[in-house]
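So the structure is just underneath, and the comments pick up after that.
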Amino acid sequence: MWFALFRAASFFLFAQVAISVTTFTNPIKNPNGSDPFMVYDGGYYYLLTTTWTNVQITRATTVTGLRTATPKVVWTDSTSTRCCNVWAPEIHKVRYPWYLYYTAGQSADLGLQRSHVLQGGSTPWGTYSYKTTNAPDAWSIDGTVLTVSGANYFVFSSFNDAGLQSLYIAPMTNAYTLGARSLLSTPTASWETVGAPVNEGPQALYKNGAIYLTFSASYCWTSSYSLGLLKYNGGTVTSASSWTKSGPVFTSANGNYGPGHNGFFTSPDGQTTYLVYHATSNSAGACDGSRYTLIQPLYFHSDGVTPNWGVPRALSDNIPAPL
């Protein structure tokens, strides 16, 4: 009997330890967890979010370590045209070295937001310098890099001729030089126009040869802010007709409202895609620093290429940690 009790107690203890090692709970960053972007490189997870006044990177060897790690300020700018309202930083290894893309503008006018580029080094943790680009002098935010057949494209949010906040795409000659932009997606469906017509926060997803762009739709000060999906069907990458839109694919649930502006990263073993995104506990939605960063696995249907999005997991859920 005592042996049986000892064995049961040992199993319980082992199970408790296993849970603490292999799972975690959200959020990973709160407050100022908006517009999260993550990569895993060289044994570290790197997290970037909107911090409004500068560009910061946090790194840790585990996702839970990101909660307590000290962020590194990698860029602060006093130039009046790009000093302030710093949003949505992302790092991409565009051939070599790392480059950091972010949005910034002037202190008192959100209508002057522009996309900017910093050149880094051989790791995301290095130093960065400002790169002058030929990007159009027009309102643009949330720039990201899409790669198709070895060619890179810059995808971002801007206003079309009708004044709708839409997605645009431009071929990249190099990490900071763009070709002509083309309109890729315009918010016209009912789920894209709650509060205001919005397409923003594009992000590339690759799976077994399939190529997607996620984006955020509707106004962030509503609980209808959600993720939409563009699927590449082949053909001219910069042509809207080469893409199929669907959505919403990821919406408010379990007390997490307005899930959006997501990113993706792959577990160290290369087996699991993780979705990183922001949400708020405010049932009316939020556009401010009250949004927090969440991470959860993204699974795929039996065809191996179609995402099975699920819903935002409750903050009390034990989430499988990357292996």
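Bear in mind that the values in this text are calculations on the coordinates, not laboratory data. Just so it is clear, the structure is predicted and the values come from calculations on it, not from any experiment. Here Cβ is always computed from backbone atoms with ideal geometry, including for glycine, and neighbour counts include all displayed protein chains.
A few remarks follow.
- Rounded if a/c under 1.5, otherwise prolate or oblate - region 66-109, Cα gyration tensor axes: oblate
- Fewest-first sequence of Trp221, Trp98 by Cβ atoms within 10 Å of each Cβ: Trp221, Trp98
- Most tightly packed first, judged by the mean number of other beta-carbon atoms within 10 Å of their residues, the peptides 249-261, 310-322 read 249-261, 310-322.
- With contributions of -39500 (n - 2.57) from each DSSP H run of at least four residues, the per-residue ellipticity at 222 nm computed over the chain stands at -2500 deg cm²/dmol.
- Summed residue charge, Cβ within 15 Å of Asn85's Cβ, Lys/Arg positive, Asp/Glu negative: -4
- Centre separation in Å (Cα based) which lies between region 139-177 and region 63-111: 17 Å
- Degrees, to the nearest 10: 2-22 long Cα axis against longest axis of the chain: 10 degrees
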